[in-house]
Every structure is written in structure tokens, then in C-alpha cells.
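Got a structure here, written out as C-alpha cells. Questions coming.
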């Protein structure tokens, strides 16, 4: 059998129990099956939706001789492309370390030192 996608032969002379894998862009396409080397479809064309991030598996089953061919599809989700980013929550993390915390820490230590000196002087006078 030949497998057709959008009017073009995508797989030639596929025989049972063989299989083929196609890398198709996401979107709608027309799929059909013909006998090997023939151009008249024995099945289809049938509209198929190929979603981004999904593996769409199409089975042709039945008998061409008996006229019982049919398509069955299976979709496996969760195979999407790499993400553009990773959600980290609602807090924005600065790109560079801020020196504000360092300055505030040094200032706080300075105030503590002055306070200790003033307490020491008051105790010495008393």
C-alpha cells in the first residue's frame, strides 16, 4: 500500500505488518491509502488533525480485496516542544544582586556599635 498525505505519496509500498513514521507539521491534512503504485485511493482521502505536542498514530486495517479497509487513529499527548521558560511563582528575582542589602547591613552594624559605645560611656560615668 502507498500512504498519501495532502495529495503526495508519503510512504511507498508499505506491507503488513510493517510501519512507517512521518514527521509532519501541526495542522490539518488529507490522508489516503492506495494499492502500491496506484494513484486511486482505496481508502480516503480523510481529514486528519495533527496537533503540536501530540503523536498521532493512524492505522489502516481491513482488506482491500474485500473492500473493508478503514482508518483508526490514536493520539498520544504530552510530547510538545521545549518550553520557552519555567514558571517560578509570583516573586520577581532580580537579575543582579542588589548592594542595598549590604549597605543596610553595614549601617545597622554601625548603629549597633555607636549604641554600645554610648551605653559604655554612660556606665563609666555612673
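Do any residues in the range 59-80 that are in contact (Cβ under 8 Å) with a residue 60 or more places away in the chain and in the same structural domain as residue 23 (by TED's automatic domain parsing) have Cβ atoms under 9 Å from those of residues that are surrounded by 10 or more Cβ atoms within 10 Å (Cβ to Cβ) and in a strand (DSSP E or B), where the two are at least six apart or on different chains, and which pairs are they?
Hits for this filter: 64/33; 64/42; 64/43.
Something else about it: Tell me, yes or no, whether the range 79-101 has at least one residue that is modelled with pLDDT of 90 or more and over 18 Å from the mean Cα position of the chain (by Cα).
Filtering the range 79-101 for residues modelled with pLDDT of 90 or more gives none.
No, because not a single residue in the range 79-101 is modelled with pLDDT of 90 or more and over 18 Å from the mean Cα position of the chain (by Cα).
Looking at the range 28-43, I want the residues that are farther than 24 Å from residue 55 by Cα and have a partner that is at pLDDT below 90 and part of a loop (DSSP other than H, G, I, E, B) with Cβ atoms under 9 Å, at least 6 apart or on another chain. Which pairs are those?
Pairs found: 35/64; 36/15; 42/64; 42/67; 42/69.
Scan the range 20-40 for residues that are over 13 Å from residue 8 (Cβ atoms) and more than 24 Å from the chain's Cα centre (by Cα) and jot them down.
Those that are over 13 Å from residue 8 (Cβ atoms) and more than 24 Å from the chain's Cα centre (by Cα): 33, 35, 36, 37, 38, 40.
Please enumerate the residues belonging to the range 2-33 that are assigned to a loop (DSSP other than H, G, I, E, B), modelled with pLDDT of 90 or more, on the phi < 0 side of the Ramachandran plot and surrounded by 10 or more Cβ atoms within 10 Å (Cβ to Cβ).
12, 14
Another one. Please specify each residue of the range 57-82 satisfying the condition of being under 22 Å from residue 15 (Cβ atoms) and assigned to a strand (DSSP E or B).
Hits for the range 57-82 are 57, 58, 59, 60, 61, 70, 71, 72, 73, 74.
So, one more: Can you tell me how many residues in the range 34-53 are at pLDDT below 90 and exposed (fewer than 11 other Cβ atoms within 10 Å of the Cβ)?
1
The values are calculated or read from the model by the stated rules, or taken from the named source; none is laboratory data. The model shown is predicted, which means the values in this text are computed figures rather than measured ones. Positions of Cβ are backbone-derived with ideal geometry, glycine not excepted, and every protein chain shown enters the neighbour counts.
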